[in-house]
Amino acid sequence: MKALILIFIPFVLSVTAADFETRLLDNGLTVIVSPDDTSPVVTICIAVKTGATCETPETNGLAHFYEHMFFKGNEALPDQTAYNRRMGELGILQNGYTSAEKVQYFITLGSENFQDGLEFIFDAITSPLFDMEEMEREREVIMNEYERNTSHPFWHLWLAQEQVIFADAPWRQSAIGIPAVIQAAAPPAMHAFQQHYYTPDNSALIITGDVDYEEAFELAEEQFGGWEYGGRSDYDSLPLLISIERDTTVFVDSPSGTGYVSVMYEGPSISTHPGDSYPADVWGSYLSLMSREFYTDLVTNGPFINIYGSYYTQRFSPSITFAGMVPPDRAEEALDLLLEEIQQLQSPDYYDEEGIALAKEDLYRHRILAEETSRDVAVESMPFWWVVAGSLDYYSTYQDSLEAVEPSDISEFLETWIANKPRAAFVLMPLDGEENQ
Amino acid sequence: MKNICLAIAVLLGSLYASVPEGVEEFTLSNGIPVITRTIENNEIEGLSLFIIGGSSALTEETQGLERFALECAMMGSEAFPGIQWRELMDRTQAEWTSSFNYDYSRYHLRCIREDLPILLSAFGNSLLNPELEEQAFEQVRTSTIQDLQEKYNDPDSWIWFVTNDAFMPGHTYRQLPDGTVETVSGFTIEDVSNMLEERIRSGNLLITHAGPTQPQELRSILEQAFGDIPEGGQEYPQVEPFTVHTDTIAVQHREVPTAYAVVKFNAPPQGHEDLLPFSAAVTVVNDLLWQVLRTDNALTYATFSGATNYRENWGYMYISSPQPVLACSLMAGVLADLIENPVDEDIFRGTIEKSRTIENLRAASKDNQCWMIGNFEICTGDWRNAYTVFDNISELSSADLSAVLDRWVGYGAWGIIADTTVVSVDQFQPWSLK
């Protein structure tokens with residue numbers, strides 16, 4: 001056996017965000033370009049500041065319905081069959097996501113077809129047809145997506161979380177929406193969404209991959225420059241959503257036998273408390289260290305199969321969540337232990353300086369690994385940060401901001417957001433006929 | 001002589017027109033083969049250790065043991081006992097992913113370049129000298145059982161296994177690499193030790209790498225990490241072909257609002273000249289399912305088809321739908337129709353173009369590069385085959401696709417999960433694929 005000695009050598013990894021440049025077109029469209037010639041492909045993504053958070057009970061599910069209609073035909077491609085054929089001609093892979101705070105559409109294709117790809121996505125984003133017959137068909141597709149969600153073992157847990165921590169407006173967190181709204185959706189509602197949110201000043205065009213800056217900006221301006229400015233989005237003025245008024249514990253039945261425990265707190269909104277998000281991230285990274293107390297107490301020597309404690313950066317529904325899988329017969333014991341642990345982690349003695357340095361280091365490494373390919377950058381990183389933080393300034397200064405976090409910042413974060421604050425706990429386990437609480 | 005060498009080089013060059021540059025092969029002192037592709041676009045390293053054998057190395061009683069043993073080994077070793085192991089993982093943020101299939105187990109490491117030597121040292125040490133501490137052992141057992149239980153609980157995961165009894169009764173692949181709750185519940189530390197001692201042998205292993213570390217440096221790192229692995233290994237017999245003699249259907253009742261269905265059917269094995277056109281054909285079927293089942297009839301949110309990439313293979317079609325009888329009937333019809341009537345050439349070309357984009361996307365991911373090189377080396381005997389698909393696929397016509405489906409598609413083994421109080425079980429019958 002070879003002698004192996006593990007020596008801890010603290011060092012700071014130099015990490016910068018993916019190289020990119022941003023320009024603002026006259027119509028308000030943000031264009032972001034990040035070249036990477038590793039492979040002859042280009043990814044084009046359009047991020048829109050909308051989502052379930054812009055909905056009302058009467059429109060819950062329409063942001064998502066709209067996303068589906070993006071792929072169904074437009075003024076250049078009259079129906080989905082023509083759309084599908086064009087995808088084949090250009091070798092396009094595509095998808096779209098609707099979440100609570102963001103909608104995005106993206107295509108990837110060979111870089112030789114870049115210009116055609118820009119035209120393809122421009123037509124789809126600016127001139128969807130909302131043909132009633134297509135909508136009738138698509139509502140059945142969306143209903144199947146809804147049914148698939150409800151078949152998932154975690155569905156009732158998700159519902160309970162929405163109802164408790166977003167009690168004022170749970171629909172603003174539910175992208176899939178309500179069946180009655182999906183069933184009644186019609187073209188006027190789609191046009192209303194388009195009018196409000198699908199304008200260049202409420203969107204970003206992100207281009208990554210085998211392109212160069214000048215060509216990409218030039219073609220983007222040529223293609224998208226004529227998109228009419230809107231100025232009608234209320235996105236930036238929407239109210240905070242998350243609200244936990246009192247300590248609550250909800251037991252959710254799991255007929256299939258899944259065990260899961262989570263405890264949630266309100267977290268700092270990146271709009272109103274951006275400075276708190278950095279110690280929050282360092283703190284969450286610290287809790288992910290398997291060599292430190294949180295993991296050791298709860299997983300190594302405790303009932304959890306896995307565990308995390310982290311802050312989710314959002315504008316309207318920022319949360320601090322502790323959660324993990326547990327054997328269902330140990331779920332209640334696990335909740336008690338987790339709550340005890342949360343009490344302990346409010347003490348400054350819970351953290352050591354070496355661990356905090358390590359936690360920062362891990363965040364740098366995480367970013368490198370998360371942005372391996374140009375597609376990762378276009379689909380995962382940039383749309384999120386542009387929508388949530390409002391620009392890519394936060395993204396590009398992130399490392400420096402983390403570097404500046406001191407242990408006292410973490411204490412202050414805990415004091416502000418966790419100590420003596422109400423929390424909502426959820427336990428997913430078989431209830432054997434007991435009443436849910 | 002020089003001219004002959006040149007001619008051979010030109011011939012090889014034309015045969016392997018798409019084989020990337022910067023790939024080198026070497027062998028460690030104990031015989032472990034290594035294939036490395038140097039990619040210097042960033043600091044991310046990918047390295048896969050393949051343990052060859054898969055289901056062939058398992059019995060009904062030991063299903064899941066190789067996976068379980070490897071997961072236990074990755075909890076700490078003599079040189080890196082539990083707490084030090086976890087500190088190392090914390091410090092490096094190394095990402096370990098594992099997959100266990102019918103032909104091999106694969107452990108993949110994704111990390112930053114400067115961490116590669118220490119992580120591989122720890123990896124090698126854990127395989128050779130695992131700590132196998134009792135508490136960690138039970139932790140892995142609990143986690144594995146929970147994982148298996150979750151796979152069962154989610155109908156979208158479990159649907160892939162519902163038809164196995166009908167499609168592969170008595171077949172080598174019937175031994176599940178992930179194991180079952182019953183088998184995993186019974187494993188002992190001694191079982192784990194024995195499995196590792198038997199399986200961690202140079203003759204059972206293959207290492208693939210993609211990343212910025214140069215071959216010479218990599219060789220040195222690997223020699224230090226894995227050079228002590230003993231020689232030897234097992235011979236694995238040819239896997240027998242699947243023998244489905246009739247259309248079958250297995251229906252599982254669950255109170256779910258949408259049904260899930262999968263049908264499996266025969267496909268060419270690795271190395272067979274029909275595998276490429278067959279794979280192209282089921283990729284076309286994938287596009288046709290989207291068009292017919294989703295675009296035209298709105299019967300589903302998710303439908304797709306494909307073919308496996310093992311030594312013995314099957315084709316499959318999948319759908320979720322609240323109208324499973326109609327959906328399955330149409331799905332079978334799409335395949336049957338393609339067998340009878342070649343699809344428009346432009347649809348076929350469109351499918352190829354999209355596949356080309358997928359391949360180019362894969363080229364940017366070190367994980368994918370490691371998988372492609374290793375999978376093709378194990379299953380076809382030559383990693384270069386991973387890169388030559390498009391050299392050959394361009395020569396195919398849409399009539400070739402229909403012909404190859406006609407040769408291989410026979411009986412179908414259907415699996416369905418549905419609420420049979422809503423859709424009567426009497427309505428389910430195995431829909432013919434031809």
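The values are calculated or read from the model by the stated rules, or taken from the named source; none is laboratory data. Because the structure is predicted, anything quoted here is derived from the model rather than measured. No Cβ is skipped: glycine too gets one built from the backbone with ideal geometry, and neighbour counts run over all protein chains shown. For accessibility, only protein heavy atoms count, side chains too; no ligands or nucleic acids. Shrake-Rupley method; radii C 1.70, N 1.55, O 1.52, S 1.80 Å.
Below are the figures for this structure:
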| quantity | calculated |
| --- | --- |
| Residues located in region B:276-287, provided they are aliphatic (A, V, I, L, M) and buried (at least 21 other Cβ atoms within 10 Å of the Cβ) | B:Ala280, B:Ala281, B:Val282, B:Val284, B:Val285 |
| Residue within region B:195-216 that is open to solvent by 60 Å² or more (accessible area, probe 1.4 Å), without any contact (Cβ under 8 Å) to a residue 24 or more places away in the chain, more than 23 Å from B:Glu60 (Cβ to Cβ) and not in a loop (DSSP other than H, G, I, E, B) present | yes |
| Residues of region B:220-244 classified as in a helix (DSSP H, G or I) and surrounded by fewer than 18 Cβ atoms within 10 Å (Cβ to Cβ), total | 3 |
| Test: residue in region B:158-181 that is at the interface with chain A (Cβ under 8 Å from one of its Cβ atoms) and open to solvent by less than 20 Å² (accessible area, probe 1.4 Å) | no |
| Single residue of B:Glu71, B:Glu66, B:Glu61, B:Glu40 found to be charged (D, E, K, R) and over 30 Å from B:Thr180 (Cβ atoms) | B:Glu40 |
| Residues of region A:96-127 classified as open to solvent by less than 30 Å² (accessible area, probe 1.4 Å), within 24 Å of the chain's Cα centre (by Cα) and among the small types (Gly, Ala, Ser), total | 3 |
| Only listed residue being more than 13 Å from chain A (Cβ to nearest Cβ) and in contact with a helix residue (DSSP H, G or I) (Cβ under 7 Å, 6 or more places away or on another chain), chosen from B:Ile200, B:Ile145, B:Ile112 | B:Ile200 |
| Unmet requirement for A:Val405, which otherwise passes all of (1) over 23 Å from the mean Cα position of the chain (by Cα); (2) among the aliphatic types (A, V, I, L, M); (3) buried (at least 18 other Cβ atoms within 10 Å of the Cβ); (4) in a helix (DSSP H, G or I) | (4) |
| Residues that are open to solvent by 60 Å² or more (accessible area, probe 1.4 Å), in a helix (DSSP H, G or I) and either in contact (Cβ under 8 Å) with a residue 40 or more places away in the chain or within 20 Å of B:Asn341 (Cα to Cα) (or both), drawn from region B:401-434 | B:Asp406, B:Arg407, B:Val425, B:Gln427 |
| B:Leu70 being outside any strand (DSSP E or B), more than 14 Å from chain A (Cβ to nearest Cβ) and either within 22 Å of the chain's Cα centre (by Cα) or without any contact (Cβ under 8 Å) to a residue 24 or more places away in the chain (or both) | yes |
| Residue within region B:252-272 that is within 14 Å of another protein chain (Cβ to nearest Cβ), closer than 26 Å to B:Thr308 by Cα and either touching a Cys at 6+ places or on another chain (Cβ under 7 Å) or open to solvent by 30 Å² or more (accessible area, probe 1.4 Å) (or both) present | yes |
| Hits in region B:129-142 - residues which are touching a helix residue (DSSP H, G or I) at 6+ places or on another chain (Cβ under 8 Å), under 16 Å from B:Ala69 (Cβ atoms) and within 14 Å of chain A (Cβ to nearest Cβ) | B:Pro130, B:Glu131, B:Glu133, B:Glu134, B:Ala136, B:Phe137, B:Gln139, B:Val140, B:Arg141 |
| Residues satisfying the stated conditions in region A:346-402, i.e. among the aliphatic types (A, V, I, L, M) and within 19 Å of the chain's Cα centre (by Cα) | A:Leu363, A:Ile368, A:Leu369, A:Ala370, A:Val377, A:Ala378, A:Val379, A:Met382, A:Val387, A:Val388, A:Ala389, A:Leu392 |
| Looking only at region A:356-373, and only at residues there that are facing another protein chain (nearest Cβ under 8 Å) and in a helix (DSSP H, G or I), the one that is modelled with the highest pLDDT | A:Leu358 |
| Residue in region A:162-182 that is farthest from the other protein chains (Cβ to nearest Cβ), counting only those that are in a helix (DSSP H, G or I) and under 14 Å from A:Ala52 (Cβ atoms) | A:Arg172 |
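Rundown of residues vs (1) under 25 Å from A:Glu145 (Cα atoms); (2) of a type in the set (A, V, I, L, M, F, W, C), yes/no style:
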{"residue": "B:Asn313", "(1), (2)": "no, no"}
{"residue": "B:Tyr316", "(1), (2)": "yes, no"}
{"residue": "B:Ala332", "(1), (2)": "yes, yes"}
{"residue": "B:Asp337", "(1), (2)": "no, no"}
{"residue": "B:Lys354", "(1), (2)": "yes, no"}
{"residue": "B:Glu359", "(1), (2)": "no, no"}
{"residue": "B:Cys370", "(1), (2)": "no, yes"}
{"residue": "B:Asn385", "(1), (2)": "no, no"}
{"residue": "B:Ser397", "(1), (2)": "no, no"}
